[in-house]
Amino acid sequence: MSTDEQTPFDRYRTRIDRPLVRLFADYGTSRTRWLVIGLVANLLAQTASLLPPVVLGTAIDALFREETSEYSLLFLPRAWIPPGEVAQFWLSVALIAGSFVATALFTWIYGVSANFFAHGVMHSVRSDSFEKMLRLDAAFFDDKQTGEVMSILSNDSQNLELFLDNALMNGVRLIVMVLGIAAILFALNWQLALVTLVAIPLIGGFTVWFMRVIEPRYEARQSAMADFNTRIENGITGVILAKVTGSEDYEVDRVRDASHGVFETTMDVLKLSYFYRPGMELLAGFSFAATFLVGGYWILFDAPGPLTGDLSVGVFVTFVFMTQRFVAPLAEVSNIVDEVQNAKVSAARVFGLADIPVRITDREDAKRLGDPEGRVTYEDVCFSYPELLTDDHGPAVPDDETETDGGFAALDGDEGDDDSVIEHVSFEAEPGETVAFVGSTGAGKSTLCRLLLRLYDVDEGRVAVDGTDIRDLELASLRQHVGYVSQDAFLFDGTIGENIRYGRFDESDEAVREAAEAAEAHEFIQRLPDGYDTRVGERGVKLSGGQRQRIAIARVVLQDPEILILDEATSDVDTDTEQRIQASLDALTADRTTFVVAHRLSTVIGADTILVLEDGEVVERGDHDTLRQQGGRYAELWGAQTGSE
Ligand SMILES: Nc1ncnc2c1ncn2[C@@H]1O[C@H](COP(=O)(O)OP(=O)(O)OP(=O)(O)O)[C@@H](O)[C@H]1O
């Protein structure tokens with residue numbers, strides 16, 4: 001995917017307004033308790049940590065100097081201060097020790113609560129994003145979206161986590177520190193406080209500028225990361241193809257290019273970050289140096305320049321300590337800004353995914369498909385694959401709220417019917433009948449099957465089961481009654497038993513074995529070292545194509561649906577096995593409505609109806625004998641395959 005090509009994710013992402021506010025609104029509110037406890041504890045921890053320098057300053061002036069002044073503390077009522085230097089000394093010790101203990105205790109409370117909040121939010125974000133991904137229309141996965149989704153689940157989740165547990169709490173700490181310190185310094189000596197705090201507006205201005213210029217760079221980096229993930233994903237999935245075509249160098253170059261994109265965009269971010277970070281430290285350092293210079297001069301000589309009054313050593317020491325205390329959190333502003341910016345972009349991507357409308361879903365008044373008889377009707381069905389709109393096709397994002405196509409547009413539309421995959425197809429399959437789709441490659445056979453599963457919706461006409469439009473049925477109940485064995489039988493990493501049981505998780509071992517027997521799979525499974533407990537490897541790579549297909553057939557036998565789709569279900573097995581499977585398939589399909597897609601016409605001889613498709617249109621229909629006698633396209637195909645006239 002080139003970076004100038006916008007994916008639906010990009011399109012919905014750019015519409016997200018204030019993503020971090022939405023993060024709190026959607027995910028934070030149910031966990032406010034933890035957030036509030038965390039914030040309060042953080043506040044108390046930071047306040048307690050400010051006490052020691054104040055107590056130290058007072059102790060210096062009231063106890064340790066020759067000319068002592070009165071012992072008074074900003075936060076302690078005068079009546080609570082004991083008379084006598086020794087008692088005051090012990091009070092100081094107790095206050096300093098107590099504030100360290102309080103800081104430790106509140107830091108622990110805030111750490112635990114803040115993390116409960118942050119990780120709780122992340123848990124929900126991750127699970128919701130995955131669920132959303134799984135519920136997206138099949139058409140999304142026709143495009144290269146996997147890398148994007150992977151990025152959201154890993155990279156973006158991590159960014160949000162950093163924001164929620166680091167940036168948020170450090171931000172609060174920073175605000176408490178700066179405000180708390182400013183208040184204390186102003187109360188102690190407002191003139192010197194002005195000198196110390198003069199850097200604050202500069203720091204603020206510098207930060208606002210930085211946030212403005214860094215945001216587009218973060219977006220570019222995130223996008224480059226997603227491109228890279230997509231490339232890697234593709235590279236790993238296609239590793240065998242790359243090997244057998246000797247294209248390793250080509251793949252490596254493509255990944256290298258994508259990686260270089262990540263490198264360049266990351267450097268763009270870092271160059272600016274590393275300008276900002278030392279800049280911030282310098283400004284904070286100036287504040288410290290200015291305080292030391294002005295305060296030191298004041299004590300050594302007299303109030304400098306326009307400043308007036310006295311400055312005691314104790315107050316000066318408190319200033320020096322306090323200024324240092326706020327230099328450190330200020331230097332952290334850069335990290336906080338980094339994390340906030342990253343999180344903004346990531347949250348927008350998370351909500352970009354969340355906002356992609358799902359078109360193929362249950363209608364509000366959808367009916368459950370009970371125990372269907374299995375009559376299937378296609379009425380004047382037209383279909384073309386939806387295209388995820390790019391700029392060439394107009395905006396994918398609905399311009400007004402009435403448009404609900406979810407960023408899809410059918411390819412035909414205004415551009416004529418050139419891209420139509422199915423054109424005005426009508427037929428009916430009575431319960432228990434077998435209908436075969438034959439025709440040259442790309443004629444639309446598999447597409448017709450996918451329409452019955454509602455992986456896509458028809459553009460015109462309707463597909464009905466027992467007379468009800470499948471768009472009016474609950475999707476799950478429809479799919480429960482339609483079994484599907486496709487050309488490329490997919491297996492999950494897991495055991496053979498688990499794969500047969502997939503979708504019917506409660507079935508007994510006995511039922512699994514019977515299903516395998518019906519699919520002619522039991523024999524080879526038994527010969528495997530761990531039988532039904534043998535792991536099949538990622539995507540089932542440890543099994544042959546034919547073995548995978550037989551497991552997929554066993555899965556559908558176990559499902560026991562009223563309607564069955566066998567889309568080249570036996571294309572990967574040898575003729576011998578095919579004949580054996582065919583016998584069991586015949587038993588399986590006898591009383592079910594069955595759709596068979598097959599290139600080997602010998603497998604469809606027994607079908608009640610054979611539909612011959614050409615470019616999405618039914619050009620011939622009838623049973624085997626009728627079609628052979630017609631001497632048309634079917635007879636031609638039959639002749640080519642069998643060598644007979
Ligand atoms: N997911 C998709 N997105 C866009 N176009 C598709 C998609 N799947 C198939 N097509 C196109 O639709 C047309 C019909 O494809 P389909 O898979 O239905 O053909 P088929 O008759 O089953 O072919 P085969 O015998 O090779 O399996 C083809 O032109 C194909 O390029």
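The numbers here are math on the coordinates, done by the rules we state, and not lab data. All values derive from a computational prediction rather than experimental measurement. Neighbour counts are summed over all protein chains in view; Cβ atoms, including those assigned to glycine, are modelled from backbone coordinates with ideal geometry.
Sequence-ordered 3J(HN,Hα) estimates for region 186-202 from the Karplus curve with 6.51, -1.76 and 1.60 and θ = phi - 60° stand at 5, 5, 7, 7, 5, 6, 5, 4, 4, 4, 5, 8, 5, 6, 4, x, 4 Hz, glycine and proline given as x. Amide H to amide H, with H built 1.01 Å from N, residue 362 comes under 5 Å of 475, counting only residues 5 or more places away or on other chains. Near residue 620, the amide H atoms lying under 5 Å from its own belong to 612; only residues 5 or more places off or on other chains count, and H is placed 1.01 Å from N. The mean sequence distance of close C-alpha pairs (under 8 Å, at least 6 residues apart), as a share of the length of region 8-355, puts its relative contact order at 32 percent. Between residue 257 and residue 303, residue separation times 0.36 nm minus the direct Cα-Cα distance comes to 10.3 nm. FRET efficiency for the pair residue 74 and residue 123, taken as 1/(1 + (r/R0)^6) with r the Cβ-Cβ distance and R0 = 35 Å, rounds to 0.20.
Listing 542, 344, 367 from fewest to most neighbouring C-beta atoms within 10 Å gives 367, 542, 344.
When the Cα atoms of the chain are aligned to their principal axes, the ranges along those axes come out at 122, 54, 53 Å in descending order.
Each Cα pair under 8 Å and six or more residues apart adds its separation to the average, and for the chain the resulting relative contact order is 15 percent. Of all DSSP-defined beta bridges confined to the chain, some 50% are antiparallel rather than parallel. When the charge dipole of the chain is built from unit charges on Cβ atoms (+1 for Lys and Arg, -1 for Asp and Glu) and taken about the Cα centre, the candidate among 564, 163, 384 whose Cα reaches farthest toward its positive end is 163.
Looking at region 226-337, the pairs of alpha carbons with a distance over 19 Å make up 66% of the total.
Residue order for 504, 13, fewest other beta carbons within 10 angstrom first, comes to 504, 13. Find how much the distance from residue 240 to residue 373 grows on full extension, using 0.36 nm per residue of separation minus their present alpha carbon separation; answer in nm with one decimal. Separation in residues times 0.36 nm, less the Cα-Cα distance, equals 43.5 nm.
Considering only 189, 153, 116, and ranking their Cα positions along the charge dipole of region 82-205 that arises from unit charges at the beta-carbon of Lys, Arg, Asp and Glu, the one farthest toward the positive end is 189. Kirkwood hydrodynamic radius computed over region 460-530 comes to 14.7 Å, based on all pairs of distinct alpha carbons.
Take 80-87, 435-442 and order them by the average number of nearby Cβ atoms within 10 Å per residue, most first; the result is 435-442, 80-87. The share of C-alpha pairs in region 309-387 whose separation exceeds 21 Å stands at 71 percent. Within region 8-355, the percentage of alpha carbon pairs spaced more than 38 angstrom apart rounds to 35%. Only lysine pairs 8 or more places apart, or on different chains, with alpha-carbon atoms under 30 angstrom apart are counted in the chain, and they number 12.
The residues 240, 184, 610, when put in order of fewest to most other Cβ atoms within 10 Å, stand as 240, 184, 610.
Phi angles of region 81-88 translate, via the Karplus equation with coefficients 6.51, -1.76, 1.60 and θ = phi - 60°, into HN-Hα couplings of 8, x, x, x, 5, 5, 4, 5 Hz per residue; Gly and Pro are given as x. With the charge dipole of region 8-355 set up from +1 on Lys and Arg Cβ and -1 on Asp and Glu Cβ about the Cα centre, the Cα lying farthest toward the positive end among the listed residues 199, 83, 263 is that of 83.
Based on C-alpha pairs under 8 angstrom that are at least 6 apart in sequence, region 1-128 has a relative contact order of 40 percent.
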